[in-house]
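> Below is one structure. I have some questions about it.
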Amino acid sequence: MAIVRSRKQSRLVGWARYSALVVAALLFLVPFYLLVRSAFMREQDLGSPDFHWLPPVWETSNLTGLFDNPAIPMARSLLNSGLIAVTQTVGVLVISGLAGYGLARIPYRWSNTVFYSIVATLLIPAAVTFVPSFVLVSTLGWISTLRGLIIPGLFQALATFLFRQFFLGFPKEIEEAAFIDGLGYWGTFWRIVVPNSLGFVAAIGTITFIGTWNAFLWPLVIGRDQESWTVQIALSTFLTAQSVQVSQLFMAALVAIFPLLLMFLFLQRWIVEGVERTGIAGD
Amino acid sequence: MFVGPFVIGLVVFVYVPIVWSIYLSFFNAYNTVTPTEFVGAGNYLDMLRDPAFRSSLLTFVAFAVFIVPTTFVISLGAALLVARTRVMQSFFRSVFFLPTACSYVVAALIWKMSIFSGIRSGLANAVLGWFGIDSVPWLSLADPPWYWLVIVTARLWLQVGFYMILFLAGIQRISPTLYEAAAIDGAEGWKVFRHITFPQLRATSTAVLLLLLVNAFQAFDEFYNILSTFGTYPPYARPPLVYLYYTALGSGQDFGHGSAGAVILTLIIAIVAVVQGRVLRLGDRGE
């Protein structure tokens, strides 16, 4: 009798759990739904006092009009964001990958000092030091340049730390075999270690790409001229100016998150791994 | 060849600016990065005396009080629900994780112009309208401070998936034998969570709390994008980085005070991190 009741009870708990998940999932999808709906609405329907579940008229001219609107340099800012995100991702992977391997495997005299200075840097979030970084970049004359937007972000203590930890766990026997074949550190790294670490590289790479594409404070501080705006800055300027074309603003946002939505569709596995690796770095 | 490029970059782009900034913080440095007028601790005293700076720290505290516990509880809850579901598990995980792809600017846009737009067709007001409740001007009033609801829910939506992934990873590391032993002892539901899952998630929980706190301290994007209109930011609800942004890079370009503020904020965050690290380690020893 007791067993029957508990089975009934657990089925009830199962249903409750499932309903909670469905409701929560729907709530989490609402903002995406509103984004897509509003991007295809006409301006007068968006401004009307009634809430529309679907656009009364599907307006596709928001998309074409967006790239003709001189107030928001959409094509240029997308190009900038793409350039910055790609070079920054590749740069961080190469620079931090090399440094992480060097720290993990090559016995330098200063290895410990370098390692502790990295750990110290981890305590200070980059955003808090934007004033000093701005001072340096403006002294170099890099304001409103792609250099100024990309180069200071290439030296990531966290990525280097994670690569070091990862390479410490890399099977040494494989490397030793390569060494015997006369490859040296450089050859071993590029021909043996990197090809066998592609999953980890993908995890760090996707996370870096997302972070760079979505970055706001640094591009806001450095990208003063329109030509150097990233897509986030273009959107933000459009948004805080309370421009009249709200539906076009939503279309711009949809275009801006489109590359990342594609990434989530195809590379989610690596993104999840990247989150796990970067999030619990403190362990 | 391996460590060299990184070390040079770290020194030039992280350490040099910090040292330079400490230097600037002792000078009168309006519109210049090579100041001549030494003011000693003057900038620091000005900052600590400035009610706007102190209120920015209070704004952070208020924000953290809202955002840290809610994100923690909801992302842990989502992880527990997703971990126990067999039907469409990866679908639910993806749905909660998907907002991580969104930038704060895009979320701010949806929150400000659609969900919490003051007009009647904004979703929040439309829902209130179905229950016969009058529209609420979510963002245009300082009092009552409805804007907090807008800001907190935006960050919540963006971050829950990230922390849920961390909790899920932690839950998967828990040995199944612990649950089997609990089942033999007749424990179920809440008891299992209270005595096995939650204690086993301690390292993850501490890491999540620290991350939440540090991230809340750096809040800038959603405040800036939700609250500023026509290029002006209201005088209230300025968290530390927003305050610093307008002090150092606003019309004045006051690098002396800006640098002093940056140094103070960096010290605060470093102290928090070190203290939390200590607490974590002391706690581990206690077990």
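> On a 0 to 90° scale, report how tilted helix B:240-249 is relative to the longest principal axis of chain B, with both axes built from alpha carbons and the result rounded to the nearest 10.
30 degrees
> Show which lysines lie in cross-link reach of B:Lys191 when reach means a straight Cα distance below 28 angstrom and same-chain residues fewer than eight apart are skipped.
Reachable lysines: A:Lys8.
> Then there's this: How high is the FRET efficiency from A:Asp181 to A:Leu122, r the C-beta distance, R0 45 Å, rounded to 0.05?
0.80
> Roughly how large is the B-A contact in terms of buried accessible area, totalled over both chains, probe 1.4 Å, nearest 100 Å²?
Summed over both sides, the interface buries about 8000 Å².
> Full-extension gain between A:Glu173 and A:Val30, please, as 0.36 nm times their residue separation minus the C-alpha to C-alpha distance.
Roughly 46.3 nm would be gained on extension.
> Using the C-alpha atoms of the range A:2-62, what convex hull volume per residue, in cubic angstrom, is computed?
Output value, Cα hull per residue: 96 Å³.
> How far is it, in nm, from the label point at A:His52 to the one at A:Phe266 when both lie 7 Å from their Cα along the line to the Cβ?
Label-label distance for A:His52 and A:Phe266, simple model: 3.3 nm.
> Averaged per residue, what accessible area in Å² does the protein assembly as shown show with a 1.4 Å probe, protein chains only?
46 Å²
> Moving on to the next point. Give me the percent relative contact order of chain A, please, defined on Cα pairs under 8 angstrom at least 6 residues apart.
In percent, rounded to a whole number, it is 31.
> Based on the alpha carbon coordinates of chain B, what radius of gyration and maximum Cα-Cα distance (Dmax) apply, in Å?
Taking only Cα atoms of chain B, I get Rg and Dmax of 23.1, 75 Å.
> Give the calculated FRET efficiency between B:Thr229 and A:Asn196 to the nearest 0.05, with a Förster radius of 51 Å applied to their Cβ-Cβ distance.
Using R0 = 51 Å, I get an efficiency of 0.45.
> Determine the order of B:Ile268, A:Ile84, B:Ile119 by accessible area, beginning with the largest, at a probe radius of 1.4 Å.
I get B:Ile119, B:Ile268, A:Ile84, largest accessible area first.
> Short version: what are the Cα gyration tensor semi-axes of chain A, square root of 5 times each eigenvalue, largest first, in whole Å?
41, 32, 17
> Sticking with this one: Excluding residues on the same chain fewer than 8 positions from B:Lys112, give the aspartates and glutamates whose Cα lies under 19 Å from its Cα.
Correct list for B:Lys112: A:Glu43, A:Asp45, A:Asp50, B:Asp134, B:Asp143, B:Asp221, B:Glu222.
> Using a/c under 1.5 as the rounded threshold, could you call the protein assembly as shown rounded, prolate or oblate? The axes a ≥ b ≥ c are square roots of the C-alpha gyration tensor eigenvalues, and prolate needs a/b larger than b/c, oblate otherwise.
Since a/c stays below 1.5, the shape of the protein assembly as shown is classed as rounded.
> Shifting gears a bit: So what's the angle, to the nearest 10 degrees on a 0 to 90 scale, between helix B:147-173 and the longest Cα principal axis of chain B?
50 degrees
> R0 = 35 Å: FRET efficiency of A:Val90 with B:Thr34, Cβ-based, nearest 0.05?
Rounded to the nearest 0.05, the efficiency is 0.50.
> Please compute, for peptide A:26-38, the average count of beta-carbon atoms on other protein chains lying within 10 Å of each residue's beta-carbon.
5
> Exposed loop chymotrypsin sites (Phe, Trp or Tyr not before Pro) only (DSSP loop, at most 15 other Cβ atoms within 10 Å): please give the longest stretch of chain B free of them, not including the sites.
Excluding the exposed sites themselves, the longest stretch runs over B:1-130.
> Name the residue, out of A:Ile118, A:Ile210, A:Ile233, whose mean-square fluctuation peaks in a Gaussian network model built on chain A with Cα pairs under 10 Å.
Looking only at A:Ile118, A:Ile210, A:Ile233, the largest GNM fluctuation is found for A:Ile118.
> While we're here: Quick check on chain B: helices-only [θ] at 222 nm, where DSSP H runs of length 4 and up contribute -39,500 (n - 2.57) each and the sum goes over total residues. Nearest 500, please.
The helix contribution divided over chain B gives -20500 deg cm²/dmol.
> Sort out the exposed loop chymotrypsin sites (Phe, Trp or Tyr not before Pro) in chain A (DSSP loop, at most 11 other Cβ within 10 Å) and tell me the longest stretch that has none.
Here the longest segment lacking exposed loop sites spans A:111-283.
> Work out how far the C-alpha atoms of the range B:1-122 reach from end to end along every principal axis, then list the three figures in whole Å, largest first.
Per principal axis, max minus min of the Cα coordinates gives 67, 54, 26 Å.
> In terms of the Cα gyration tensor, with a ≥ b ≥ c the square roots of its eigenvalues, is the range A:1-149 rounded because a/c is under 1.5, prolate because a/b exceeds b/c, or oblate?
oblate
> Please calculate the 1.4 Å probe accessible area of B:Leu98, with all protein chains present, and give it to the nearest 10 Å².
Accessible surface of B:Leu98 is approximately 40 Å².
> On full extension of the chain, what length is gained from A:Leu83 through A:Ser10, given 0.36 nm per residue of separation minus the C-alpha to C-alpha distance?
My answer for the length gained is 21.0 nm.
> Sticking with this structure for a sec: Grab the Cα-Cα distance for B:Leu57 and B:Val12, subtract it from 0.36 nm times how many residues apart they are, and report the gain in nm with one decimal.
Between B:Leu57 and B:Val12, full extension yields 13.2 nm more.
> Next up: In nm, to one decimal, how far is the modelled label at B:Val127 from the one at B:Met1, with both set 7 Å along Cα→Cβ?
Here the answer is 6.0 nm between the modelled labels.
> If you don't mind, there's one more thing I want to ask. Based on DSSP H assignment, which helices of chain A show an axial Cα extent of at least 30 Å together with a mean Kyte-Doolittle hydropathy greater than or equal to 0.5?
A:2-39, A:74-105, A:246-279
The values are calculated or read from the model by the stated rules, or taken from the named source; none is laboratory data. Model, not experiment: these values are computed from the prediction. No Cβ is skipped: glycine too gets one built from the backbone with ideal geometry, and neighbour counts run over all protein chains shown. The accessibility values were calculated without ligands, DNA or RNA, using every heavy atom of the protein model including side chains. Shrake-Rupley method; radii C 1.70, N 1.55, O 1.52, S 1.80 Å.
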